[in-house]
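Structure record follows, encoded as structure tokens.
The values are calculated or read from the model by the stated rules, or taken from the named source; none is laboratory data. Values in this document were obtained by computation on a predicted structure and should not be read as measured data. Cβ placement follows ideal geometry from the backbone for every residue including glycine, while neighbour counts extend to all protein chains displayed.
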Amino acid sequence: MNATALIAEDEALLAAELKAQLAKLWPGLHVVATVGHGAAALESALRLRPQILFLDIRMPGMSGLEAAQAIAEDWPDGIRAPLIVFVTAYDQYAVEAFGHAAVDYLLKPIDPARLAQTCARAQAALAARADGASAIAPQWDAALGQLRSLLAAPALTGTRQTPAAPRLQVIQAGVGHAIHLVPVDSVIYFEAADKYVRVVTAEREHLIRIALRELLPQLDEQRFWQIHRGTVVRADAIATAQRDEAGKLTLSLRGRPERLTVSRLYAHLFRAM
Amino acid sequence: MTPTHADTDRFHYPRHGAIVAGFSAVVAIGLSIAKGGDWMLQFVYAEAIGLSIWACTDFGRLLFKLDPESNWPVGWRMVVMQVSAVIIGYVIGTWIGDQYCGCSTFELWRHSARAFASYLVLSIAITASISFFFLSRGRDQRRLRQLAIAQRDASEAQLKLLESQLEPHMLFNTLANLRVLIGIDPVRAQAMLDHLIAFLRATLSGSQQPFHALSAEFARLSDYLQLMQVRMGDRLQTRLVLPADLAGLQVPPLVLQPLVENAIKHGLEPHVGGGRIEVSAMRAADRIVLRVRDTGAGLAAGASAVGTRFGLEQVRKRLATIYGAAATLELTPAADAEGGTDATVTIPA
């Protein structure tokens, strides 16, 4: 069977070895790119659209898990979702989470017999897709569910917050030499902007120097919903959720004119009661 | 409630009652031998008084605020509880004995206050010794329990330390690289294995000797960095600077190791472009300054990771134990344009 794959692994020797082993076990598998960090994995995956992604978890910059989330969110509509195989040397929490999520994963050093099993599974999954007349959209459903449960495992997302992270009441935003105190309740949404987060209220917006993933555990998840890897919105500020012909979901807000896009990873939050 | 206290298990009451009954029997036998008279009567009185006082004590304490550790009242409450338990128990027990013999001990007080007082003193003495027995027994058990908890905590801390030193993630990644090298470059694989062996030996025996030469410390760091070099390739540059006159300086083993690991783990590994690590030693007046500097992601990015603090805490604690306030460990953003982090250990020369 012919298929395409991408390898994301920051250690060159290990990447080369995985490629060599795959060549032996699955001659029809064409590795379209081998990259060394998460951001490159995201870029190459979206550009080359391989059918299988081998993602190392700990990579410089963006982790394999973050890359998987971004790929799932930005993957174009109408193209079949890739199969994802995570690779890790030792992450006791990760292995636990993988077990629950039933995502395929490989432990380093990679056991050739185990890799053969992974190849067989991937071939079976691709074959099932090929002869299934199933629509393209549902292809994502299983993968998204798995990704969601992986992202819910705090040890995996790199935040490593204690379970009882204190809830933030007031955001302290520096503006020139002054500190503006913004009550969390008045925030309509948070938006990631590189190493900063934009804090948007009805009246104005502030920039705070914190990564969104570090801010997230300090927010009440019942009140603030993540709708995209870069956007968290206060649930009671959402007026409507509208789906266009292509299936894309956008939100209109109370108190702000702009519309926010919901990624497919979080579209399940919006269902009519 | 978890049954951490031996005093709260369900056999507590019958067991204590049985011990008191046994004590009282011994007292009865002793009294009837010493004073003569009806041994059965002595026995009934001793048991009735002993068990009444015990019941007043053991159930009466529940009326008070209990110390969660011992399950007994503390301070003045203990005194009030014990004194009233003796008085009430003594009166009840004596009354029961009186019912049995058909006489009245309290009548005795009218006839001979002295005889009555000697009875009372005897009862108090016996009660006091029984109470003392239970108290010290409880204290011993508590001490044993605390000892067990302390031992468990210590071995947990040791395990955590070992895990942080061995870093399973690093170990398995190294093994993965080794596995590849064996196939394609056996000579390099052997060299890598030698570094791994030296690194493991140093890590596992590091805590056994109090000091080693700074040159040995640098050799261990070099082993570790060579392992990382194989893994990270040209993403890692290293520089070790050890002046010849400091090579023999005695330092605590592996004191710099956690700092170098942090520089890799939180500085260079997360940094897409990689970077450089410099480990240096120099003499400054009456101090020795040991520096681990990286050109990686910098403090803000890595500061949130719990692992950093644990490693740094270990180094701080060890320095404090050995040198007291004379040694310091500082973690600062590197001052020059290259950025990254500067970890500086200062020890007395």
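Figures for the structure shown
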| quantity | calculated |
| --- | --- |
| Close pairs from segment B:98-115: first under 15 Å from residue B:42 (Cβ atoms), partner not in a helix (DSSP H, G or I), Cβ under 7 Å, at least 6 apart | B:98/B:104 |
| Count of segment B:9-24 residues which are small (Gly, Ala, Ser) and in contact with a helix residue (DSSP H, G or I) (Cβ under 7 Å, 6 or more places away or on another chain) | 3 |
| Residues of segment B:179-193 satisfying the condition of being within 8 Å of chain A (Cβ to nearest Cβ) and either within 41 Å of the chain's Cα centre (by Cα) or among the hydroxyl-bearing types (Ser, Thr, Tyr) (or both) | B:179 |
| Test set (1) surrounded by 14 or more Cβ atoms within 10 Å (Cβ to Cβ); (2) not in a helix (DSSP H, G or I) - residue B:103 fails condition number | (1) |
| Residue satisfying all of: in segment B:49-83; part of a loop (DSSP other than H, G, I, E, B) and of a type in the set (A, V, I, L, M, F, W, C); farthest from residue B:136 (Cα to Cα) among these | B:64 |
| Qualifying residue in segment A:7-25 (condition: buried (at least 20 other Cβ atoms within 10 Å of the Cβ), modelled with pLDDT of 95 or more and closer than 30 Å to residue A:260 by Cβ) | yes |
| Among (1) more than 12 Å from chain B (Cβ to nearest Cβ); (2) part of a helix (DSSP H, G or I); (3) at pLDDT below 90 - the single one residue A:174 does not satisfy | (2) |
| Test: residue in segment B:127-142 that is modelled with pLDDT of 90 or more and away from chain A (no Cβ under 14 Å) | no |
| Selection from segment B:202-234 of residues that are under 30 Å from residue A:35 (Cα atoms) and either aliphatic (A, V, I, L, M) or out of contact with any strand residue (DSSP E or B) (no Cβ under 7 Å at 6 or more places or on another chain) (or both) | B:221, B:223, B:224, B:225, B:226, B:227, B:228, B:230, B:231, B:232, B:233, B:234 |
| Members of segment A:24-61 that are among the acidic types (Asp, Glu) and in contact with a Gly (Cβ under 6 Å, 6 or more places away or on another chain) | A:56 |
| Condition broken by residue A:55, with the remaining ones in (1) out of contact with any Asp or Glu (no Cβ under 7 Å at 6 or more places or on another chain); (2) touching a residue at least 60 places away in the same chain (Cβ under 8 Å) satisfied | (2) |
| Filter pass, residue A:240 being in a strand (DSSP E or B), hydroxyl-bearing (Ser, Thr, Tyr) and under 18 Å from the mean Cα position of the chain (by Cα) | no |
| For residue B:258: the one exception among (1) buried (at least 18 other Cβ atoms within 10 Å of the Cβ); (2) assigned to a loop (DSSP other than H, G, I, E, B) | (2) |
| All positions within segment A:253-273 that are assigned to a strand (DSSP E or B) and under 15 Å from the mean Cα position of the chain (by Cα) | A:262 |
| Test: residue in segment B:274-290 that is within 14 Å of chain A (Cβ to nearest Cβ), under 15 Å from residue B:342 (Cβ atoms), touching a helix residue (DSSP H, G or I) at 6+ places or on another chain (Cβ under 9 Å) and modelled with pLDDT of 90 or more | yes |
| Number of the exception - residue A:147 against (1) hydrophobic (A, V, I, L, M, F, W, C); (2) surrounded by fewer than 17 Cβ atoms within 10 Å (Cβ to Cβ); (3) at pLDDT 75 or above | (2) |
| Positions within segment B:227-254 being within 14 Å of another protein chain (Cβ to nearest Cβ) and touching a helix residue (DSSP H, G or I) at 6+ places or on another chain (Cβ under 8 Å), in sequence order | B:227, B:228, B:230, B:231, B:232, B:233, B:235, B:236 |
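Yes or no, residue by residue, for (1) in contact (Cβ under 8 Å) with a residue 60 or more places away in the chain; (2) aliphatic (A, V, I, L, M); (3) under 30 Å from residue A:38 (Cβ atoms):
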| site | (1), (2), (3) |
| --- | --- |
| B:236 | no, yes, yes |
| B:259 | yes, yes, yes |
| B:267 | yes, no, yes |
| B:283 | yes, no, no |
| B:293 | no, no, yes |
| B:323 | no, no, no |
| B:349 | yes, yes, no |
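Yes or no, residue by residue, for (1) at pLDDT below 80; (2) in contact with a Pro (Cβ under 7 Å, 6 or more places away or on another chain); (3) surrounded by fewer than 17 Cβ atoms within 10 Å (Cβ to Cβ):
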position: B:16; (1), (2), (3): no, no, no
position: B:29; (1), (2), (3): no, no, yes
position: B:34; (1), (2), (3): yes, no, yes
position: B:54; (1), (2), (3): no, no, no
position: B:60; (1), (2), (3): no, no, no
position: B:70; (1), (2), (3): yes, no, yes
position: B:89; (1), (2), (3): no, no, no
position: B:96; (1), (2), (3): no, no, yes
